[in-house]
Amino acid sequence: MLNNDAEILIIDDSKVARMVLKRILNGLGYNNIIEAVDGPDGITRYAEEEPSLIFLDIVMPGMTGDEVLANIRALDEKTPVVILSSASSEVQIGICQQIGISDFIKKPLTLDAGPGKIKSTLDKI
């Protein structure tokens, strides 16, 4: 399980998705949350902050999640990256698994079911 003081980076172009995930993480005792609004911002924030965990959307304008993941993996092979996306084709998940993800969670997250899904993932890390 991840320490509660760990920095967690959320890379998602949806403000609502970031807000819901942040609220779930806060409810689980994680308050050191960094947000990035798209792929390039996520790569920059990753390099600046070196978070302990990354939640990453796949479908984003400009740079897809698998491209962001490849950029991060070129710098760091160890930081856990969890894909959190509504795009769940076997091909897309397979590409992300080859690049190196820790887990995949299908959107949408709700405040009811989300905490259980996120806690289950955090228990694996």
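Against the numbered list (1) modelled with pLDDT of 90 or more; (2) among the basic types (Lys, Arg); (3) buried (at least 17 other Cβ atoms within 10 Å of the Cβ), residue 107 comes up short only at (1).
Considered as a group, the residues in the stretch 52-68 that are hydrophobic (A, V, I, L, M, F, W, C) and under 22 Å from residue 32 (Cβ atoms) include one that is nearest to the chain's Cα centre (by Cα), and that residue is 55. Could we say that residue 76 is buried (at least 16 other Cβ atoms within 10 Å of the Cβ) and free of Cβ contacts under 8 Å to residues at least 60 places away in the same chain here? In short, no. From the list 67, 7, the lone residue that is surrounded by 13 or more Cβ atoms within 10 Å (Cβ to Cβ) and in contact with a Gly (Cβ under 8 Å, 6 or more places away or on another chain) is 67. For the stretch 110-120, how many residues meet the condition of being without any contact (Cβ under 8 Å) to a residue 40 or more places away in the chain, surrounded by 16 or more Cβ atoms within 10 Å (Cβ to Cβ) and out of contact with any strand residue (DSSP E or B) (no Cβ under 8 Å at 6 or more places or on another chain)? Of the residues in that region, 0 qualify.
When the strands (runs of 3 or more DSSP E) confined to the stretch 38-125 are screened for residues that are over 18 Å from residue 19 (Cα atoms), those reaching at least 1 such residues are found at 81-85, 103-106. Of the residues making up the stretch 36-51, those that are surrounded by fewer than 18 Cβ atoms within 10 Å (Cβ to Cβ) and not hydroxyl-bearing (Ser, Thr, Tyr) are 37, 38, 40, 41, 47, 48, 49, 50.
The values are calculated or read from the model by the stated rules, or taken from the named source; none is laboratory data. These numbers were taken from a predicted model, which means no experiment stands behind them. Cβ: placed from backbone, ideal geometry, glycine included. Neighbour counts: every protein chain shown.
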